[in-house]
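One structure below.
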Amino acid sequence: MLSEGTATRTASMRLLPLVLLLFVGSGAAALIYEIVWFRLVELVIGSTAMSLAVVLGTFMGGMCVGSLVVPRVISEGRHPLRVYAALELGTAVLAAAVLYGVPLTAGFYAAIDAPGFPGILLRGAFSAALLFPPTVLMGATLPAVARWVDATPRGISWLGLFYGGNIAGAVLGCIAAGFYLLPVHDVAVATGAAMAINFVVAFVAWWVAARVPYRHVVPAPPTNAASRRPAARVIHVAIGLSGFAALGAEVVWTRVLSLTLGPTVYTFSIILAVVLLGLGIGGSAGALIARVQVRPRVAFGICQLLLVTAIAWTAHALTGTLPHWPVYPSVDTMPAVRFARDFARSAYALLPATMLWGASFPLALFAASSSGRDQGRVVGGVYAANTLGAIAGAVIFSLMLIPAIGTQQAERVLIGVSLLAAMLLLGASDSPAAAPHVAAHDRNQGRSTAVRLTWLGAAMALASLLALGVPPVPPELVAFGRFAFAQAAPSRMLYVGEGSNASVAVSESADGVRTFHVAGKIEASTDPQDMRLQRMLAHYAALVHPHPRSVLVVGFGAGITAGTFLMYPGVERVVICEIEPLIPPHIGPLFSRENLDVLHDPRVEIVYDDARHYVSTTHETFDIITSDPIHPWVKGSAALYSREYFDLVRRRLNPGGVVTQWVPLYETNEAAVRSELATFLDVFHGATLWGSRTGTGGGYDLIALAQDGATTIDVEALLQRIRRPEQLPVVRSLVTGGFGSPLDLFSTYVGDGASMAPALRGAQLNLDRNFRVQYLAGISPNAREHERIYRDLVSHRVFPTGLFVAPEVWQDSLREVLARRR
């Protein structure tokens, strides 16, 4: 493989499998870093689609720059494996800097955050300052090692195997991070594990470099350099289109597949692992094909042509096949079985296309390579083109195409892009100039132009038919997600939309109940039990606070909680923070009667931003902050249940301010509930808990309420306030919810921090560094344990002496009611 003699060449050949293992380790570390860094940076700049695009663009942009620049900066005379070792060591050092640098710079970012386009620039600058240096080094590893092999079919084949091994390592890193390092430990341990891998890889690479000396021989310049430039440009454009389609497809298919599987953090880890597995298998297969294929450009083109069919296959599998598999979530309670089934379903749908995209990269390398050229620059150019295309695909599909035309049309675009890449590659056959290292094996100029055009015409016709046959996402899948197959009675769909952050729907059942769905799960409805909860999130806070004027509502939902605050005449300002711009204008009007037409009230302002980002950057304080976020098991929602978030909320309260937090008891497990409650009580020591009972008297939801300072409820003052004529809408709303008197209202008392201490002893706190609750809750999204969890909590209830300022006879009545309901 090397140029300095037979002995050295033989030694290097024997050590190539060891270098392949190094790339496996390097890929595992890189994927762990990617998961950790995305989480850390999202906590600061938010998790909107725009923020994610900024982080992804910075991450992949750094890798692109590294693949292009480093081979041009580092001399070809340096031992490639020593360069590789230095890159790994540098990545580990910079990873530690990211881990500790994000918290240190977060306060500076929050102090100067700006809205609109300046804010986007600031997010980009923040992400670039943190992620750009280590990703530049990560992107340079493959081009650096590429100088260790010759531009021969066997050498390029090993490069393809290195690429496949790197992705195989990424699969291992994804599984390790998603199912062990982060669920059991935290981001510090995960970072430490990845750094340890970097150190081991660097040490072994340095050891191999010491055993096999490297002597760079300046090759003779290729005689056909000018004739290769157009061919190389075609390869770069085609691999860029391939990267564009691959990342665009990942965005589209993750959105659709998570509806069927449920949007837990484990689902996203499974999908990512399957995508990487397909790329790794395809990359390894492409490397082996490149070793014997004398027309790599044609093989590359065939891969793109086959992708036309593979994309159509995945589109049909995701919307026409998988949602109808006989899987019943209500009885699917074994996590290991569920994870294995979800992996199999994901592989069934995604592997064909991802394997073809994986095979495209080594074939593109082989088609672009030639003797006499710096292999580092050749590999860097192909890698950079693929990465630039991937950045464009992820950004354009997530921010533009899905919100504008939907996932069905986006999949048709994917088919068109793959067809375009195939036509570029197959439009002209390889020539001796285009592949001089195999020209002796193939002097044939290919099929005649007429035959070639006939095949391309047939391919265009087939692609058109397949594109027209791409099915839309079933509305029932958007609404009911993993329960779509098990729906007993059909519902009338009033609205279905696909936004930049989530897919949403509104359905109406036969008995007239309207339900708002986000990503395949119910978020709000006009069902009496849900209406009671949605209104009580507002009523508890507004009644406990003596004179509420300003309110922050996290999450629009159906607008019912925010609209309830408008019943209180003293409320002057309501800020609603919503991450999905599609929801308020399309969902709000469908619930206008229940939410009191909240969109058109002059007191209401809607801020389209990630709530965590808004709370951390706003300088406004509020009398009331109520939080009705999505379920804790949904990926990303744990950021709104963490101790650091609650501390931010506490700092945004005016003196005497009140915060209410929704804690669901259904579709979760006891460990997750205990974590949520323990975390809230760790910040708000004097918090109280209130229950939303089911028809059988059990619990379905909890509302955690805390006040800036000690909470006391003056019952007589409250009665005097709600007896005023202007408070009549409040009284009607309370009566509709089943609360005809303060005794009814406060008989939902479940406990406080002191009485719940025994029940919460040993509970894991949900912190920014571990997001423990999304992993705990993600294990049991199909659980139905709310009755038992509620009974266990109530068993620790002690009458709240000092909470109520009321006559003793009234407190005795409340004590009797609580004892009876225990």
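Each residue was assigned an accessible area with a 1.4 Å probe, and for residue 303 the value is about 10 Å². Averaging the sequence gap over all C-alpha pairs within less than 8 Å and six or more residues apart, then dividing by the number of residues, gives the chain a relative contact order of 13 percent.
By average Cβ neighbour count within 10 Å, what is the ranking of 790-801, 119-130 from highest down?
In descending order of packing, they fall as 119-130, 790-801.
A 1.4 Å probe, protein heavy atoms only, puts the accessible area of residue 682 near 60 Å². Helices in the chain, meaning DSSP H runs of at least 4 residues, each add -39500 (n - 2.57). Divided by all residues, the mean residue ellipticity at 222 nm is -20000 deg cm²/dmol. Less than 5 angstrom separates the built amide H of residue 575 from those of 551, 552, 553, 605, all sequence-distant by 5 or more or on a different chain. Here each label is just a point 7 Å from Cα along the line to Cβ, and for residue 722 and residue 819 those points are 2.5 nm apart. Of all DSSP-defined beta bridges confined to the chain, some 60% are antiparallel rather than parallel. Over the C-alpha trace of the chain, radius of gyration and Dmax come out as 29.7, 103 angstrom.
By how many nm would the segment from residue 154 to residue 344 grow when fully extended, if each residue of separation counts as 0.36 nm and the alpha-carbon distance is taken off?
65.0 nm
Rank 182, 672, 284 by how far each Cα sits towards the positive end of the charge dipole of the chain (+1 on Lys, Arg Cβ; -1 on Asp, Glu Cβ) and give me just the farthest. After comparing all options, I get 284. Using the Kyte-Doolittle scale, find the helices of the chain whose mean hydropathy is at least 1.0 and whose Cα atoms extend 27 Å or more along the helix's long axis, counting only whole DSSP H runs. Flagged H segments are 6-45, 49-73, 80-112, 116-139, 153-176, 187-211, 265-292, 296-316, 375-396, 402-426, 449-468. Compute the FRET efficiency between residue 337 and residue 14 as 1/(1 + (r/R0)^6), taking r as their Cβ-Cβ distance and R0 = 56 Å, and round to the nearest 0.05. Computed FRET efficiency for residue 337 and residue 14 comes out at 0.80.
Approximating the spin labels as points 7 Å out from Cα along Cα→Cβ, the residue 714-to-residue 112 distance works out to 4.7 nm.
Calculate, in nm to one decimal, what residue 486 and residue 791 gain on full extension: separation in residues at 0.36 nm each, minus their alpha carbon distance.
Details: separation 305, 0.36 × 305 = 109.80 nm, distance 2.89 nm.
Separation in residues times 0.36 nm, less the Cα-Cα distance, equals 106.9 nm.
Remark: the residue 513-residue 732 segment gains 76.8 nm on full extension, using 0.36 nm per residue and subtracting the alpha carbon distance.
Placing +1 on the Cβ of every Lys and Arg and -1 on the Cβ of every Asp and Glu, with nothing else charged, gives the chain a dipole about its Cα centre of roughly 2780 debye.
The values are calculated or read from the model by the stated rules, or taken from the named source; none is laboratory data. Worth saying up front: this structure is predicted, and the values here are computed from it rather than measured. Cβ: placed from backbone, ideal geometry, glycine included. Neighbour counts: every protein chain shown. These accessible areas exclude ligands, DNA and RNA; they are computed on the full protein's heavy atoms, side chains included. Shrake-Rupley method; radii C 1.70, N 1.55, O 1.52, S 1.80 Å.
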